[in-house]
Amino acid sequence: MLDSVSFTQRFINYDMRKTMDRNNRSGLPGPRPDGKSCRPGASIPAGITTAILAGVLVLSGCGGPKAGTVYEPSRQEEDLNIDMTAVEAARLERENKELPQAEITESGYTVTEIDESDVYPPVKTDDNGNALPAYLVNYAVRISNKGNDRAMIRPTIVVRVNDANGERISKSSKTFRTYILPDEEIAVAGDMIVHGAEPSQITFTAECEDPEVFYPTEQELRIPGGDSYSASDVTVEVLEEYAQKAPSAGRESSEGMSKGYFRLGELPALSGRISCNSGEDREAFVTILFKDGDEILGGETGRVMIPAGKEAFYTFSAPGPIPEDTDQYEVSAFSIARF
């Protein structure tokens, strides 16, 4: 490669020769090799020479890409790849990490077959395109933190469903944003729909947030316990043609479906009043258990905002039909964590 000075000099000489040739053809005098004009008293301005020199120096440092050149990822692209890899690794670590287990003292469920034949398109089908059988699982559990000196943070209920052969056919989880204070217990309820084989064995486990990852401050833990809430009796309103029947009873179309593919008007309405002795507005989970004596058959958990010093009226929709053997309703509440 030519050094920049010799290349610049050659470029200027070449440019001067071109100018002389052009001027000779037009009859005009051209510049001399010493940079002075053939006309007396004229010369190339210093600024123009400087500009030419600067342009040449810039060009001498540039070069086009060569054929077959392979470019490495930019630093920004490498950082993005590293970040996405870290995110995926963190997600897998969370999934595989064994979280602190919570004790479930009671549990129960009811399985009801539901009709999805008029749901279009079908939720799940067999190889021939026919809708698979569908089953509603309504469950409730009681979680205890008695005997512990630390609060349980954001408990998660994990539901595992097996068929009659013990094969896993479904799994579901539900997290509640609350803190179970020491020596307290809460009741929660949920539901899921299983397609295909009929549920035969259903098991429940509970886990909570790792306290090493997050643990609330003393101020954040100042939430009303379960004994701070008072509830009235539950009123249940069920359409006469729907009472104790399958969820599809009386359904004419799939329009206006609520969760579980039931029409909103067909779902039993659960209503009552709840209050809290806290001196400020409080948002709480209210759980209604369906029970046959001491046995839990299912239930429903909903959110209620309770004004300070007042009662709040709530109305929930049951997830499906009220279990036929239900002879009592148990109501409890627990505070929703703000952090």
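The values are calculated or read from the model by the stated rules, or taken from the named source; none is laboratory data. Keep in mind that what you see is a predicted model, and the values were worked out from it rather than measured. A quick note on method: Cβ atoms are made from the backbone with ideal geometry, for glycine too, and the neighbour counts reach across all protein chains shown. Protein only, heavy atoms only, side chains kept; ligands, DNA and RNA dropped before computing areas. Shrake-Rupley method; radii C 1.70, N 1.55, O 1.52, S 1.80 Å.
For the pair residue 172 and residue 328 in one chain, pulling the backbone fully straight at 0.36 nm per residue adds 53.4 nm over the alpha carbon distance.
Overall shape of segment 113-239 was characterised from the C-alpha gyration tensor. The equivalent ellipsoid obtained from it has semi-axes of 36, 19, 13 Å, in decreasing order. For a paramagnetic label modelled on residue 156 (point 7 Å from Cα along Cα→Cβ), amide N atoms under 12 Å away belong, within segment 201-215, to 206-210.
Ligands, DNA and RNA left out, the 1.4 Å accessible surface of segment 282-339 is 44% carbon and sulfur atoms. Here the translational diffusion coefficient of segment 151-194 follows from Stokes-Einstein with Rh set to the Kirkwood radius across Cα pairs; for 4 °C and 1.567 mPa s it amounts to 106 µm²/s. Protection proxy ranking, highest mean first, for peptides 269-278, 208-217, 297-306: 297-306, 269-278, 208-217, where packing is the per-residue count of other beta-carbon atoms within 10 Å, averaged.
Report the Stokes-Einstein translational diffusion coefficient (µm² s⁻¹, integer) for segment 163-228, Rh taken as the Kirkwood radius over Cα pairs, at 37 °C with viscosity 0.692 mPa s.
So the translational diffusion coefficient is about 215 µm²/s.
Which FRET efficiency value, to the nearest 0.05, do you get for residue 219 and residue 283 by plugging their Cβ-Cβ distance into 1/(1 + (r/R0)^6) with R0 = 22 Å? The pair residue 219/residue 283 has a calculated efficiency of 0.80. Here r is the Cβ-Cβ distance between residue 130 and residue 339 and R0 is 56 Å; the resulting FRET efficiency, rounded to 0.05, is 0.70. Under the simplified labelling scheme, the residue 86-residue 230 pair shows an inter-label distance of 5.3 nm, with each label point 7 Å from Cα along Cα→Cβ.
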